[in-house]
Amino acid sequence: MQKQINQIQSKPGITYSPLHYSLQQQLQHWIAEEIYYLKETARFSNSKVNADEIFRWKDFNVITKFSVAQLGHVIKLLADTGIFINSTPYWQDRLR
């Protein structure tokens, strides 16, 4: 389907709305987004993590002036004092 849309011949100078992208470009973008979403959900389908949760936090960043080592110590201190509570098995072994 993506190949078919990419190969559609459009008439130059004819547009529905000059304020928007062409229908062909909009369809290309939509199909590319759908393919990306399906690949990501398939990648995490065997995981216990919810795919929607991953997409929600995908672009989440925390910017600090800590080095990686300093940040690691801060997280370990938070875990040791009980402020940071995480029951994920991945972190349980690494925070000890």
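Among residues of the stretch 18-44 being among the polar types (S, T, N, Q) and within 14 Å of ILE8 (Cβ to Cβ), the one that is surrounded by the most Cβ atoms within 10 Å (Cβ to Cβ) is GLN28. Please give the number of the condition THR64 fails out of (1) part of a helix (DSSP H, G or I); (2) open to solvent by less than 80 Å² (accessible area, probe 1.4 Å); (3) at pLDDT 70 or above. Every listed condition holds for THR64 apart from (1).
The values are calculated or read from the model by the stated rules, or taken from the named source; none is laboratory data. This one's a predicted model, so the numbers in the text were calculated from it and none came from an experiment. Glycine also receives a Cβ, built like all others from the backbone with ideal geometry; neighbour counts cover every protein chain displayed. With ligands, DNA and RNA removed, areas are computed over all heavy atoms of the protein, side chains included. Shrake-Rupley method; radii C 1.70, N 1.55, O 1.52, S 1.80 Å.
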